[in-house]
Amino acid sequence: MPERSLAPRPPWAGRRILLGVTGGIAAFKAVQLASDLTRLGARVDTVLTEAAKSFVAPLSFEGVTGQRTYGRLLSTLGSPPHLNLAGHADAVVVAPATADLIARARAGRADDLLAAILLATRAPVLLAPAMNERMYTHPQTQQNLAHCRSTLGYRVVGPATGALAAGEGEGPGRMSEPFEIAEHLGRLLGTGGTLSGRRVLVTAGPTREPLDPVRFVGSRSSGRMGFALARESWLRGADVTLVTGPSALAAPVGVTTLQVETAREMLATVESVIPGADIAFFSAAVADFRPRTTASEKIRRRESTDPPVLDLKRNPDVALDTLPLRKKGAIAVGFALETGRMHENAAMKLREKRFDIVVGNDPGEPGAGFDLPTNRVTLFYGDRDPEPLPLQSKESLAGELVDRAVDAAAWNRPP
Ligand code: CTP
């Protein structure tokens, strides 16, 4: 599986994040979070409670962030540290957030540096609770969390269900993984983003059309472009549904990911989602044909003297067949993989499938095509000249495509 890219990028790059670490066994995972956020380009200031220092050393955070850490509320170092840190933070994340910290935050206490920062900041706050299952499910903790969510407007991520500390078996209480917290923090940093309150649909990956129980007709599509589009849209505040054929990629954090196998399954799933979508990206490499019949038993070499003939029939066209279901004013972005006559074919697909934008690419070009981390594309529009984009990673291309789709949307223009 390709490694998650941690190159500096918006919305983390250039932002200041205050990381609060409290005293729980999950504190060791906060070092990974501090490291990921720093690699994504953020400046991370870490505040450790006294109890946190029993689990993890301040030096570990200094090592990965390149910044000094903070612990004392009362200090003689000039301006009060809680006001200074709270005032500079673009977002505050507490990971792990123990039951005690959550109770103190709810009560509005200012009895240590971290609690005082939570009172003094006006930046968005994210809590990643981590504690024993019985402490987490206790009505006190549940009420405290409900208050933090609804009255204080904090974002609460997790806890996950899984193996608990001290051989306590399985249950809710594990801190969410650092990459998930970093993603949620990204969405929080983009609060009020260009897509907040909007619904985005993305089709991705190949489809598999079965020949028999073990073989299929399909393509080499990895799903990377579609997964990157879904992630990018979610980071900008959208409610995202990703309809994907088989892919080795991990489902993007926060995105409703619906797995399908065949073109017909993809069509049925898209039909149920598309009426609500403000933007639809059709990035799936849908198989245009499927075997006319699917054998119920494995096709055996020994039982046929001549090689079997592949008899194919036409598959539905997901983008075309769902056209009447598109919401009024919705933006549709299609993809065209062309090995020749790019302009003519892209223009024909723009018209025929009523796309607002067609993303054309030629897999023969260096760095472009299937199963690669990069792509070089040309954008085609109905009302202006084609726009060639430079070779870039699929993540960065996803950012450009979401920008173009938002620019094309009438709902984005002032009345
Ligand atoms: N598409 C689709 N369902 C299909 C085929 C294509 O939804 N059965 C969508 C793709 O996701 C893409 C666009 O239509 O956004 C164009 O796909 P492409 O395969 O390039 O074009 P086709 O219409 O299949 O035409 P051709 O194979 O002749 O190039």
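The values are calculated or read from the model by the stated rules, or taken from the named source; none is laboratory data. Since this is a predicted model, take the numbers as computed values, not measurements. Cβ placement follows ideal geometry from the backbone for every residue including glycine, while neighbour counts extend to all protein chains displayed. For the accessible areas, the whole protein counts, side chains as well, though only heavy atoms, and no ligand, DNA or RNA atoms are used. Shrake-Rupley method; radii C 1.70, N 1.55, O 1.52, S 1.80 Å.
In this structure, does Arg354 turn out to be open to solvent by 70 Å² or more (accessible area, probe 1.4 Å), within 16 Å of the ligand (Cβ to nearest atom) and in a loop (DSSP other than H, G, I, E, B)? Spelling it out, Arg354 is indeed open to solvent by 70 Å² or more (accessible area, probe 1.4 Å), within 16 Å of the ligand (Cβ to nearest atom) and in a loop (DSSP other than H, G, I, E, B).
Looking across the stretch 320-339 at every residue that is open to solvent by 40 Å² or more (accessible area, probe 1.4 Å) and not basic (Lys, Arg), the one that is farthest from the ligand (Cβ to nearest atom) is identified as Gly329. Please find, within the stretch 170-185, the residue that is modelled with the highest pLDDT out of those that are out of contact with any Lys or Arg (no Cβ under 8 Å at 6 or more places or on another chain), open to solvent by 40 Å² or more (accessible area, probe 1.4 Å) and not in a helix (DSSP H, G or I). Result: Arg174. Selection of first residues in the stretch 380-394 that are closer than 16 Å to Phe335 by Cβ and of second residues that are open to solvent by 20 Å² or more (accessible area, probe 1.4 Å) and of a type in the set (Ser, Thr, Tyr), restricted to Cβ pairs under 6 Å at least 6 apart or on distinct chains, gives the following pairs, ordered by first then second residue: Pro386/Thr378; Pro388/Thr378.
Here the condition is being within 18 Å of the chain's Cα centre (by Cα), aliphatic (A, V, I, L, M), surrounded by 15 or more Cβ atoms within 10 Å (Cβ to Cβ) and within 21 Å of Glu400 (Cα to Cα); of Ala285, Ala280, it holds for Ala280 alone. Residues that are aliphatic (A, V, I, L, M), within 14 Å of the ligand (Cβ to nearest atom), in contact (Cβ under 8 Å) with a residue 40 or more places away in the chain and open to solvent by less than 80 Å² (accessible area, probe 1.4 Å) occur in the stretch 249-264; there is at least one. The sole residue among Pro291, Pro307 that is within 21 Å of Gly245 (Cβ to Cβ) and more than 24 Å from the chain's Cα centre (by Cα) is Pro291. Counting only helices (runs of 4 or more DSSP H) that sit wholly inside the stretch 16-128, those with at least 1 residues that are open to solvent by less than 10 Å² (accessible area, probe 1.4 Å) and under 22 Å from Ala146 (Cα atoms) are 99-107, 113-120. Quick check on the stretch 326-347. Is at least one of its residues in contact with a helix residue (DSSP H, G or I) (Cβ under 8 Å, 6 or more places away or on another chain), part of a helix (DSSP H, G or I) and modelled with pLDDT of 95 or more? There is no residue in the stretch 326-347 that is in contact with a helix residue (DSSP H, G or I) (Cβ under 8 Å, 6 or more places away or on another chain), part of a helix (DSSP H, G or I) and modelled with pLDDT of 95 or more. Are any residues in the stretch 8-34 without any contact (Cβ under 8 Å) to a residue 60 or more places away in the chain and of a type outside the set (Phe, Trp, Tyr), and if so, which ones? Within the stretch 8-34, Pro8, Ala13, Gly14, Val31, Ala34 meet the criteria.
Could you tell me which residue of the stretch 146-164 is nearest to Val44 (Cα to Cα), considering only residues that are assigned to a helix (DSSP H, G or I) and open to solvent by 50 Å² or more (accessible area, probe 1.4 Å)?
Filtering the stretch 146-164 for residues that are assigned to a helix (DSSP H, G or I) and open to solvent by 50 Å² or more (accessible area, probe 1.4 Å), the one nearest to Val44 (Cα to Cα) comes out as Arg149.
Every condition in (1) free of Cβ contacts under 8 Å to residues at least 60 places away in the same chain; (2) in a loop (DSSP other than H, G, I, E, B) is met by Phe227 except one, and the failing one is (2). Hey, does the stretch 198-220 have a residue that's open to solvent by 50 Å² or more (accessible area, probe 1.4 Å), within 15 Å of Ile331 (Cβ to Cβ) and in a loop (DSSP other than H, G, I, E, B)? There is at least one residue in the stretch 198-220 that is open to solvent by 50 Å² or more (accessible area, probe 1.4 Å), within 15 Å of Ile331 (Cβ to Cβ) and in a loop (DSSP other than H, G, I, E, B). If I filter the stretch 365-374 for residues that are over 21 Å from the mean Cα position of the chain (by Cα), at pLDDT 95 or above and surrounded by fewer than 15 Cβ atoms within 10 Å (Cβ to Cβ), do I get at least one hit? No, because not a single residue in the stretch 365-374 is over 21 Å from the mean Cα position of the chain (by Cα), at pLDDT 95 or above and surrounded by fewer than 15 Cβ atoms within 10 Å (Cβ to Cβ). Evaluate the stretch 390-413: report whether one residue or more is surrounded by 14 or more Cβ atoms within 10 Å (Cβ to Cβ), more than 23 Å from the chain's Cα centre (by Cα), outside any helix (DSSP H, G or I) and modelled with pLDDT of 90 or more. So far as the stretch 390-413 goes, no, none of its residues is surrounded by 14 or more Cβ atoms within 10 Å (Cβ to Cβ), more than 23 Å from the chain's Cα centre (by Cα), outside any helix (DSSP H, G or I) and modelled with pLDDT of 90 or more. Picking from Leu242, Leu188, Leu229, Leu267, which residue would you name as being over 21 Å from Val92 (Cα atoms) and open to solvent by 10 Å² or more (accessible area, probe 1.4 Å)? Matching residue, one of Leu242, Leu188, Leu229, Leu267: Leu267.
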